[in-house]
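Have a look at the structure below, then the notes.
The values are calculated or read from the model by the stated rules, or taken from the named source; none is laboratory data. Note that this is a predicted model, so its numbers are computed, not measured. These area figures cover heavy atoms from the full protein model, side chains too; ligands, DNA and RNA do not enter into them. Shrake-Rupley method; radii C 1.70, N 1.55, O 1.52, S 1.80 Å.
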Amino acid sequence: MGAYYTVRAVDSNGAVTWDAIKAHLHNTSRVDFTTPPISSLLTQTLNISVSLNSQQYSPSVARILLYARPSVTRLIPHSGPGSGNTSIRVIGSGFYPTRGLQFFLGARDGGTCNYVSSSELSCTAPAVNGSASMLT
């Protein structure tokens with residue numbers, strides 16, 4: 001293992017979305033690669049294939065879900081006590097219902113969130129030193 005491969009993504013209509021993206025095969029169940037930016041704001045599920053020579057690709061080996069980066073426009077409340085357990089409504093656009101949603105207070109892990117709608121998340125802030133007012 002440890003060889004370099006390429007990956008190809010094909011959409012549900014059979015059109016190649018991107019091709020020959022450099023990938024690193026770690027083992028028989030893990031390939032790492034960075035997707036190029038998606039050109040639309042639409043969420044898309046792509047079939048991923050792997051190649052050693054960038055010409056002959058495996059049958060589809062995995063599916064990946066890509067979506068545009070969400071945007072946060074408002075926090076309610078915008079600050080809270082450092083003792084934590086504060087409920088926070090995150091208002092914005094482009095939120096996607098998925099497991100494991102989390103937020104950050106600056107560079108620090110801020111806790112978990114629940115999907116409410118494509119424009120709202122419900123989060124609970126953990127305890128921090130002092131008060132917290134920055135969410136990303």
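Worth a mention:
- A viscosity of 0.692 mPa s and a temperature of 37 °C, combined with the Kirkwood radius over Cα pairs in Stokes-Einstein, give a translational diffusion coefficient for the stretch 5-66 of 277 µm²/s.
- Backbone amide hydrogens, once placed in the peptide plane, bring Trp18 within less than 5 Å of Ala9, excluding anything fewer than 5 places away on its chain.
- Near Val61, the amide H atoms lying under 5 Å from its own belong to Ile48, Ser49, Val50; only residues 5 or more places off or on other chains count, and H is placed 1.01 Å from N.
- Accessible surface of the stretch 16-104 [probe 1.4 Å, protein heavy atoms]: carbon and sulfur percent: 52
- Residue-by-residue Karplus 3J(HN,Hα) for the stretch 8-23, coefficients 6.51, -1.76, 1.60, Hz, glycine and proline x: 10, 10, 10, 7, 5, 8, x, 7, 6, 7, 8, 9, 6, 7, 4, 9
- Annotation: per residue accessible area for the stretch 5-66 equals 65 Å², rounded to a whole number [probe 1.4 Å, protein chains only].
- Accessible area expressed per residue, the stretch 71-125, with surrounding protein chains retained (probe 1.4 Å, Å²): 60
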